[in-house]
1. Using DSSP, restrict attention to beta bridges with both residues in the chain and report what percent are antiparallel, rounded to the nearest 5.
2. How long is the gain from Asp271 to Val67 if the chain were fully straight, where each residue apart is worth 0.36 nm and the alpha carbon distance is subtracted?
3. For the range 250-315 and the range 64-108, compute the distance between their C-alpha centroids and round to whole Å.
4. Which of the lysines could be linked to Lys132 by a straight reach, that is with a Cα gap under 26 Å, when you skip same-chain ones fewer than 8 residues away?
5. In debye, nearest 20, what is the charge dipole magnitude of the range 1-49 about its Cα centre with +1 on Lys and Arg Cβ and -1 on Asp and Glu Cβ, if you could check?
6. Which of the lysines could a cross-linker bridge to Lys102, judged by Cα under 18 Å and excluding same-chain residues fewer than eight apart?
7. Charges only on Cβ, +1 for Lys and Arg, -1 for Asp and Glu: so what's the dipole of the range 51-314 about the Cα centre, in debye to the nearest 20?
8. Rounded to the nearest 500, what is the chain's calculated 222 nm mean residue ellipticity when only DSSP H runs of at least 4 contribute -39500 (n - 2.57) each, over all residues?
Amino acid sequence: MPEKCSDDEFVDAWKRLGSISLVAHELGLSIRRANERRRVIENRHGILLDAFNDRRGFKILHPENKVRSIANITGCVIVFSDAHFMPNETSVAFNALLKVIKKIKPVMVVANGDILDGATISKYGPEGWQTKPTLKQELESVQHHMDAIVKACKGLNVILHRTIGNHDIRFEKRLAGLVPEYKDVQGTRLSDHLPEWSVSWSVLVNDNTMIKHRLQHSGIHSGYNNVLKSGISTVSGHTHLLEVKGWGDYTGRRWGISTGMLANPKSQAFDYIEDNPVPWSQGFAILSYDNTGRLLPPELAEVIDGVAYFRGSSI
């Protein structure tokens, strides 16, 4: 099939727009085809075409260093974390997520870290003689589930973004430590396998909400400590806790939101807990912003006894 534009035309459009959706629209390509073309050009010319802007109907800016994205939006944002997608495992919370996306039609979906488990590239060994899924099997599961979210969002003009979790970073960290010569080769970054999702360490929404996988505090009181000391509302994963901690002072009302885990706590990824009781909760968070960009009281979707509930009803 002949190309619709030259490499130079594609690079020029990228430098001006910095967004796969905007470049695809200007050049008359599908987003998937534009991403394929982007990777071909990167490999052919030895350059990187990193995203720095995304305006799928709303505004989110991505810095070149991938540290903090800035979003200015109104409407609903769904945030899930700690999916730890594993082969042949699909959680109740994941299926609920797809249904809630279609129900509330969010303006943004944030995968807030640890979509990958990376058991075989961990610094920790297996529990006894247990066989862990291969990295290839895990990656295929990540792609399968993340693509299902993309399909659920089709036609909704949704911003798809993910933050980097401590498990996700294993993908690049292992390669960087053992074969640094492979830096920037196609396929050596987790983001290479998820072209529809922009990525950064954190997302600041409307200057009043920080979304990040791990904030400065962890543990059972992480939500409270993070909102108390950050000065704005915080949304974090990592702890597998699902809760909203309200706080108020002279600056106003804000919340510390812990986004639970999209994975089933009984997944093979968590055999290391040795059958101990844990306060983990399967679910995700829903944030709503009014026309001024103010965060309204956050909501949770939670799985209880194998059934997902949202706004007082089973999903």
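Computed from the coordinates by the stated procedures, all read-outs in this text should not be read as laboratory data. Note that this is a predicted model, so its numbers are computed, not measured. All Cβ positions, even for glycine, are placed from backbone atoms using ideal geometry, and neighbour counts span all protein chains on display.
1. Beta bridges within the chain, antiparallel portion: roughly 60 percent.
2. 70.2 nm
3. 12 Å
4. Leaving aside lysines fewer than 8 places away in the same chain, those within reach of Lys132 are Lys123, Lys173, Lys266.
5. Charge dipole, the range 1-49, about its Cα centre: 200 debye, nearest 20.
6. Result set, ordered by chain and number: Lys151, Lys154.
7. Taking the Cα centre of the range 51-314 as origin, the dipole is about 840 debye.
8. Calculated mean residue ellipticity at 222 nm is -8000 deg cm²/dmol.
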